[in-house]
Amino acid sequence: IHLYADDTQLYIQLATQDIYLAKTKLANCFVEIQKWCSAMRLKLNTSKTELIWFDRRPQPISMSSGSINIGDCTISSSNVVRDLGVYLDSGLSMTHHISAITRACYFHLRRIRQVKRCLNEQCIRTLVQAFVISRVDYCNSVLTGLPSSSLNPLTSVLHAAARLVKDLGPRDHITPTLRQLHWLPIPARINFKICLLMFNVFTGSSPSYLSSLVSPCSSLPARRRLRSTSRDDFVSVRSRLQFGNRAFAISGPTYWNSLPVHIRQSKDATQFKTKLKTYLFSKFFD
């Protein structure tokens, strides 16, 4: 269970081979939640309750067969739900989330272009950073492991923002402009966020539900005398499926272990971010 303000998300891992048994277990869980709410003099609003089945099978659970009946109320399943501004689809392809970000970014780029002649370059860059780049970077760690074809819309947004700041034409080469603005490409920005989350885990400043997903090599007695322990590595595992490698438990240690030691041993987050951005900038542009 995850709590944020008055928002509650409940996650249950179920075997979907027997959909009836899975729905029965989930319905019983909802009943227990209703009883707890009643004991605490709270009301579970079923009209605001959303249900989604995350299923990667070729034939996922349909919306009609995935609905759950709780007393006189029926909670229908959805193909897409919004969680703290992130759109999660049933296949975790993140296409709806990327589309939503792209629409919002282009909206603000058009608005900034309307007042462009009244502003200097520094003001335009500040507006682009505040209204566009911040949206591109928000929760972008959920996009790790996606193919380039899925990230292309965000790359187009980044290029359009750079052209707006530097007043370039649609056919002008964009790489020198990204170098000048010191903007990382989309894959590097995702890499940056994953490494920053791992740094918080390494320094003990991350929430427990995140730090519990990864383990340092020093925690394993058999590896305490190995070089990986002195390098502050984390235990790296692999999934048989490419989709599984997108999990933070796998992608986090993979990105972290690939960093130079002097970056991982930074004194604070500010120094770590500075060194990390310089490293990624040289890696993706040199």
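The values are calculated or read from the model by the stated rules, or taken from the named source; none is laboratory data. Note that the structure is a prediction, hence the values are computed from the model and not measured. Ideal geometry is used to build each Cβ from the backbone, glycine not excepted, and the neighbour counts take in all protein chains shown. What goes into the accessible areas is simple: the full protein's heavy atoms, side chains included, and nothing from ligands, DNA or RNA. Shrake-Rupley method; radii C 1.70, N 1.55, O 1.52, S 1.80 Å.
Once the cut-off is 28 Å, how many percent of the Cα-Cα pairs in the chain end up in the long-distance tail?
51
Tell me the carbon and sulfur percent of the accessible area for the chain, rounded to whole percent, probe radius 1.4 Å.
Carbon and sulfur together cover 54 percent of it.
Please give the peptides 231-243, 78-90 ranked by average Cβ packing (other Cβ atoms within 10 Å per residue), highest first, as a rough proxy for protection.
Listed from highest to lowest mean packing, they are 78-90, 231-243.
Show me the trypsin sites (Lys or Arg not before Pro) within segment 150-191 that DSSP assigns to loop and that have at most 13 other Cβ atoms within 10 Å of their Cβ.
Passing both the DSSP loop test and the Cβ count: ARG171.
If you take the Cα atoms of segment 171-286, find Rg, then find the Kirkwood Rh from the mean of 1/r over all pairs, what is Rg/Rh? Could the numbers behind the result be given before it?
On the way: Rg = 15.7 Å, Rh = 15.4 Å.
In segment 171-286, Rg relative to Rh is 1.02.
Please give the calculated 222 nm ellipticity per residue for the chain, where each DSSP H segment of at least 4 residues contributes -39500 (n - 2.57) and the sum is spread over every residue; nearest 500 deg cm²/dmol? Don't skip to the answer; put the middle values down first.
Details: 12 runs with 136 residues, N = 286.
Helices in the chain give a 222 nm mean residue ellipticity of -14500 deg cm²/dmol.
Among the chymotrypsin sites (Phe, Trp or Tyr not before Pro) within segment 127-224, which fall in a DSSP loop and have no more than 16 other Cβ atoms within 10 Å of their own Cβ?
Loop-located and lightly packed - TYR138.
Determine the gain in length on full extension of the stretch THR274-LEU210; use 0.36 nm per residue of separation and subtract their C-alpha separation, reporting nm with one decimal.
The span from THR274 to LEU210 would gain 20.7 nm if fully extended.
I need the calculated FRET efficiency for the pair HIS182 and ARG110, taking r as the beta carbon distance and R₀ as 22 Å, to the nearest 0.05.
Efficiency, rounded to the nearest 0.05: 0.35.
Roughly what angle does helix 186-203 make with the longest principal axis of the chain, taking Cα atoms, 0 to 90 degrees, to the nearest 10?
For helix 186-203, the angle is close to 70 degrees.
A 28 angstrom limit on the alpha carbon distance is what I want to check against. Which of LYS25/LYS48; LYS116/LYS283; LYS166/LYS193 exceed it? Before the final figure, lay out the partial values.
Numbers: LYS25/LYS48 21 Å; LYS116/LYS283 33 Å; LYS166/LYS193 26 Å.
The pairs that break the limit, which is 28 Å between Cα atoms, are LYS116/LYS283.
Can you sort CYS118, CYS73 by solvent-accessible area, 1.4 Å probe, largest first?
CYS118, CYS73
Can you work out the accessible area per residue across the chain, with the rest of the protein chains kept in place, probe 1.4 Å, in square angstrom?
61
Using only Cα atoms and rounding to the nearest 10 degrees, what angle (0 to 90) does helix 248-257 make with the longest principal axis of the chain?
Rounded to the nearest ten degrees, it is 30.
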